[in-house]
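The following block contains the structure, expressed as structure tokens.
No lab work stands behind these numbers, since they all come straight from the coordinates. Every value quoted in this text rests on a predicted model; they were computed, and no experiment measured them. Here the Cβ positions follow ideal geometry from the backbone for every residue, glycine too, while neighbour counts run over all protein chains shown.
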Amino acid sequence: MSRDLNLRVFSDLDQLSDAAADMVVNHAATAIQTRGRFTFVLSGGSTPRLLYQKLTEPSRCDQIAWSKVHFFWGDERTVPPDDEQSNFRMANEALLSHLDIPPDHIHRLRGEAADLDAAAEQYQQTIAHVFGVSPDSEPPAFDLVLLGMGGDGHTASLFPHTEALSEKKRWVVPNRVPELDTNRLTMTIPLLNRAKEVVFLVKGKDKSQRFAEVLKGPRHPEKLPSQFIHPVCGTLTWLVDQEAAREVQSK
Ligand code: 6PG
């Protein structure tokens, strides 16, 4: 597992989201102070919505120099950006549309593209450009990556037994997800594991068993892709509500 693994359990989603929002503010301040910008990878799904909304509250919003923040997505569904399934749309509604962000700092994954390989390649070029590195170099290190965990143990769009799990070079790939009968775009394990900070947000009783398997069960990452996430030299933090933590706390 990664050098540092922190597990913090909260009474409910509101407390969890408060803690997550405070972490974002602190990481942003540190990154901007030391590197002049904050490279932030947003998670999709439903759990982070409240966190994003809390970042627009004046007590936090006024603490971040938003013009120095670059937004990315860890994955995207193959839908247009205004589709209710779009991870971009959720973050835009909950956070981005409330802030004065330079448009060229919002790096959307183009899930609507007809050619997903080209869209993945273009995203890798975009990431390389923002970091000022070659797209053929080692993956760069995002300041903060937010991730969720699905009920099957997936994270981003790295689903059990799918092709993207074995990607060792590319930073972003299309991924066929047979169980959902859909294609996705997703950041890959090599890219995600280069991050300085990775924070999982997990809530709900329905995830308790799977969360315990991921955290304390035998290592079987092909079946439980969230187990692939252990930052090479960064910190991994799980922010979990007590419902989701129930099983792991009983072990
Ligand atoms: C997505 C997400 C995915 C999500 C988990 C948890 O595109 O759906 O990236 O990995 O984080 O499925 O989703 P919930 O937060 O809705 O439980």
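What does the charge count around ASN92 come to, taking other residues whose C-beta lies under 13 Å from its C-beta (Lys +1, Arg +1, Asp -1, Glu -1)?
-2
Which whole number in µm²/s is D for the range 146-251 by Stokes-Einstein, with the Kirkwood Rh taken over Cα pairs at 10 °C and 1.306 mPa s?
It comes out at roughly 114 µm²/s.
Now for a separate question. By average Cβ neighbour count within 10 Å, what is the ranking of 98-105, 65-72, 163-170 from highest down? Before the final figure, lay out each step's value.
Working: 98-105: 12.1, 65-72: 18.0, 163-170: 14.6.
Ranked from most to least packed, the peptides come out as 65-72, 163-170, 98-105.
Tell me, what is a quarter of the convex hull surface for the C-alpha atoms of the range 123-201, in nm² with one decimal?
5.1 nm²
Shifting gears a bit: Can you tell me which of 32-38, 198-204 comes out highest on packing, and rank the rest after it, using the mean Cβ neighbours within 10 Å? Working shown, then result.
Numbers: 32-38: 14.4, 198-204: 23.1.
With the highest mean Cβ count within 10 Å placed first, the list reads 198-204, 32-38.
Mean residue ellipticity at 222 nm from the helices of the chain, using -39,500 (n - 2.57) per DSSP H segment of n ≥ 4 over the full residue count, to the nearest 500 deg cm²/dmol?
-9000 deg cm²/dmol
So what's the convex hull volume per residue for the Cα atoms of the chain, in Å³? The partial results should precede the final answer.
Values: hull volume 28.9 nm³, N = 251.
Once divided by residue count, the hull of the chain is 115 Å³.
Here's another thing I want to ask about it. Only residues of the range 179-216 count here: report those whose backbone N is under 20 Å from the spot 7 Å along Cα→Cβ of THR235, or say none.
Taking a point 7 Å out along Cα→Cβ of THR235, the residues of the range 179-216 whose backbone N falls under 20 Å are 192-202.
Using only the Cα atoms of the range 163-214, construct the convex hull and provide its projected area averaged over every direction, in square nanometres to one decimal.
4.8 nm²
Could you give the size of the charge dipole of the chain about its Cα centre, using +1 on the Cβ of each K and R and -1 on the Cβ of each D and E, expressed in debye and rounded to the nearest 20?
I would put it at about 780 debye.
Over 5 Å intervals from 0, what percent of Cα-Cα pairs in the range 109-155 sits in each interval?
Bin by bin from 0 Å, the calculated values are 5, 19, 17, 18, 23, 15, 4, 0.
For the range 103-181 and the range 200-251, what is the centre-to-centre distance using only Cα atoms, to the nearest Å?
Value for the Cα centre distance between the two parts: 21 Å.
How many lysine pairs in the chain, separated by 8 or more positions in sequence or lying on different chains, have Cα atoms less than 22 Å apart?
18
Further question: Dipole magnitude of the range 90-154 about its Cα centre, charges +1 at Lys/Arg Cβ and -1 at Asp/Glu Cβ only, in debye to the nearest 20?
It works out to roughly 140 debye.
Shape verdict for the range 1-99, please, from the Cα gyration tensor: rounded (a/c under 1.5), prolate (a/b greater than b/c) or oblate.
rounded
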